[in-house]
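Working notes, structure below.
The values are calculated or read from the model by the stated rules, or taken from the named source; none is laboratory data. These figures come from a predicted structure and were not determined experimentally. Don't worry about glycine lacking a Cβ; one is built from the backbone with ideal geometry, like all the others, and counts go over all protein chains shown. These accessible areas exclude ligands, DNA and RNA; they are computed on the full protein's heavy atoms, side chains included. Shrake-Rupley method; radii C 1.70, N 1.55, O 1.52, S 1.80 Å.
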Amino acid sequence: MMPNSELLSLLGSRKPWHTLPQPFYNDPGLFQADLAHIWYRDWVFAVTSAELPKVGSYVTVRIGDYSVIVVRGSDHVIRAFHNSCRHRGSHVCTAERGTAPKLVCPYHQWTYDLDGKLLWARDMGPDFKPQDHGLGMVHCREVEGMVYLCLADDAPDIEPLAASAPGYMGPHDLSNLKVAHVAHSVEQANWKLVMENNRECYHCSSNHPSLCVTFPDDPNLFGSDDASGSNAGMQHIARCEAAGLPSKYLLGPDGQWRFVRIPFLGDAVSYTMDGKQAVNRRIGTMPFDNAGSCLLYHYPNSWNHFLSDQALTFRILPVGPQETHLVTTWLVHKDAVEGVDYDLDRLTKVWLATNDEDRRICEQNQRGVNTPGYRPGPYSQTHEGGVNQFVDWYCDTLSRRLQDRQAIAAE
């Protein structure tokens, strides 16, 4: 890992409203610092509760060097455990997802209950105490149908998000939706480049023809401010608030997350090629079709769109210094029937195309950053306020944690 003093010097060299120095995007030692000080210490979006529909449903999630099992217990509570058998460390769950009445290690069949307790281990002798060998627990919190994990011993406070989410997400009722489709994409780009790309639409009109049919590229709607610069945004928020839909721009205490509800273009009501509904059943308690999209980002790894007819979650996880795994999940009304209430191609077409376009953009960005000619460049204060806000959050968070570590070491 890069020494703390060198990291702090690099952070200090960044000019305001400029991209990061090159090592932040491609250096293996700095990537390890990102894992240690960001990914292993913050709450990370893992799955939606809809992906764990019944007792024994599980998903495995890879966060850096960690593998985590997220499983719904017999009491219907979702918990998370290190995917490492307490016998000799083998992965307990080898599939990405599945359903099982018990968690059984395939190596020597040590068997765990869905709450992590060790139930059975063959021929371990009279002094062996099963209660001392349960699966290692990982902090796990379900917030309005979204499941977050934290690998730290002491998890940071998630209560501000948990307190604000019901108003914005509650009408969409994610916990009572079902998964219509899950798409995976591996991007050959650093995770920060992927997140930076998401935080602006400066590139949209020239790169996203399908998305721009319905999504407004007005930076005042979704950048780093409160959307007060957009008349359309203010009118939409006022209309939704009057109907009981919290919609005003709401930024978390340290800028790590944000909610805002924005309109679609014209008469559009969903992300489709004609702007019409993708699903014939409204979700939750949404009062009308044209409620736009409720946007939520949560650093370091997710952005999300909650509509009247569907919910979309986007999750990134770091694979390597120049490799990022993106998972996109489409959620629809639990009683919606494919081929009757929605057509899968119509539902997914816009964002499958947009994701692939973004993949190419980010990979080209990474290749350019890797060249010896790269120099940090300025952000547009009109269009890239959201990018600057994310990079500021990243720099402030990493700097604070490095300095805390130095202070502890000095003691």
Just for the Cα atoms in the stretch 124-168, what are the lengths along the principal axes, largest first, rounded to whole Å?
54, 20, 12
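May I have the convex hull volume per residue, in Å³, for the Cα set of the stretch 335-411? Walk me through the numbers before you get to the answer.
Values: hull volume 15.9 nm³, N = 77.
Dividing the Cα hull volume of the stretch 335-411 by its residues yields 207 Å³.
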Explain nothing, just compute: Karplus ³J(HN,Hα) = 6.51 cos²θ - 1.76 cosθ + 1.60, θ = phi - 60°, for every residue of the stretch 164-179 in order, whole Hz, x for Gly and Pro.
8, 4, x, x, 7, 9, x, x, 8, 6, 4, 5, 10, 9, 10, 7
Among 65-71, 279-285, 239-245, what's the highest-first ranking by average C-beta atoms within 10 angstrom per residue?
65-71, 279-285, 239-245
When the stretch 1-137 is reduced to its Cα atoms, the Kirkwood hydrodynamic radius in Å
17.4 Å
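Please give the net charge around P130, taking every other residue with its beta carbon less than 14 angstrom from that of P130, where Lys and Arg add +1 and Asp and Glu add -1. List each step's numbers first, then the result.
Working: positive: R86, K102, K117, R122, K129; negative: D113, D115, D123, D127, D132.
Charge balance near P130 sits at 0.
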Solvent-accessible area per residue for the chain (1.4 angstrom probe, square angstrom)
42 Å²
Compute the projected area of the convex hull of the Cα atoms of the stretch 155-217, averaged over all viewing directions, and report it in nm² to one decimal place.
7.4 nm²
Range of Cα positions in the stretch 69-173 per principal axis (Å), largest first
53, 28, 22
Could you go through the stretch 340-347 in sequence order and give the Karplus-derived ³J(HN,Hα) for each residue, using 6.51 cos²θ - 1.76 cosθ + 1.60 with θ = phi - 60°, rounded to whole Hz, and x for Gly and Pro?
10, 8, 7, 9, 4, 5, 5, 5
Under the rule of -39500 (n - 2.57) per DSSP H run of 4 or more residues, summed and divided by the residues of the chain, what mean residue ellipticity at 222 nm is obtained, to the nearest 500 deg cm²/dmol?
-8500 deg cm²/dmol
Just the number, please: Stokes-Einstein D of the stretch 66-113 in µm²/s, Kirkwood Rh from C-alpha pairs, 37 °C, 0.692 mPa s.
297 µm²/s
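Which of the three applies to the stretch 215-355, rounded, prolate or oblate, going by the alpha-carbon gyration tensor with a ≥ b ≥ c and a/c under 1.5 meaning rounded?
The shape class here is oblate.
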Give the cysteines in the chain for which no other Cys Cβ lies under 4.7 Å away, or write none if there are none.
C93, C140, C150, C212, C240, C294, C362, C395
The long-range amide H neighbours of S90, using H built 1.01 Å from N in the peptide plane and a cut-off of under 5 Å, are C85
Viscosity 1.306 mPa s, temperature 10 °C, Stokes-Einstein D of the stretch 1-52 from Kirkwood C-alpha radius, µm²/s
123 µm²/s
Would you mind pulling out the separation of the Cα centroids of the stretch 129-146 and the stretch 57-84, in Å?
8 Å
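Using the Kirkwood radius over Cα pairs, work out the Stokes-Einstein diffusion coefficient for the chain at 10 °C and 1.306 mPa s, in µm²/s as a whole number.
70 µm²/s
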So, in Å, what gap is there between the alpha-carbon centers of the stretch 289-305 and the stretch 375-393?
20 Å
Looks like the stretch 165-289, by Cα gyration tensor root eigenvalues a ≥ b ≥ c and the a/c under 1.5 rounded cutoff (else prolate when a/b is bigger than b/c, oblate otherwise), is rounded
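Relative to 2.2 N^0.38 Å, what does the C-alpha radius of gyration of the stretch 337-376 come to as a ratio? Two decimals please. Could you put the intermediate results ahead of the total?
Values: Rg = 17.3 Å, N = 40, 2.2 N^0.38 = 8.9 Å.
Taking N as the residue count of the stretch 337-376, the ratio is 1.94.
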